[in-house]
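Encoded as structure tokens, the structure appears first; notes follow it.
The values are calculated or read from the model by the stated rules, or taken from the named source; none is laboratory data. Not measured: the values here are computed from a predicted model. Remember, those area values only see protein heavy atoms, side chains included, never the ligands or the DNA or RNA. Shrake-Rupley method; radii C 1.70, N 1.55, O 1.52, S 1.80 Å.
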Amino acid sequence: MKTVVKANIEDLDKIVNIDSGVIGNTSRRDYIENAIKLGHCIIAKEEEYIVGFLIYDTNFFECSFISLIIVSPSKRRKGFASLLMDYMIRTSPTTKVFSSTNRSNIKMQKVFNTNGFIQSGIVENLDEGDPEIIYFKSK
């Protein structure tokens, strides 16, 4: 059974383990811990196992901004990113939700398009030679 719930601090090590499995280190541990404490981290579960997470904030022009979506590589293409996004849209503290991905990240662009997000702009110079595409969806 697939579920999505807000993360709690007891989930921290499992979330960091998923993240480090993707990026190769635990450098975002404090960032993830802070998001959990603020109530800005949600997790996707399959049965009792955490398989992915989403972190957001509300500092983007007073709108929600999904800053990180990570799904365990072995659980990708099974709908978990979409479940996280759907939950975020339904429970967002703001009407407008934004996110972004690099132009080179075609897979994530497809996830945004599949979930009804539309392109809202491009930011140059974050990653040299790989512009950031901003996406938007409203409740």
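One table, with the values for the structure above:
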quantity: In degrees, nearest ten, helix 12-23 long axis to first principal axis of the chain (Cα); calculated: 50 degrees
quantity: Gain upon complete extension [residue 82, residue 2; 0.36 nm per residue less C-alpha separation]; calculated: 27.7 nm
quantity: Mean accessible surface per residue for the chain, computed with a 1.4 Å probe while every protein chain stays in place, in Å²; calculated: 57 Å²
quantity: Accessible area of the chain belonging to carbon and sulfur atoms, whole % at 1.4 Å probe; calculated: 50 percent
quantity: Relative contact order for the chain, counting Cα pairs under 8 Å that sit 6 or more residues apart, in percent; calculated: 19 percent
quantity: Stretchable slack from residue 22 to residue 105, in nm (0.36 nm times residue separation minus alpha-carbon distance); calculated: 28.4 nm
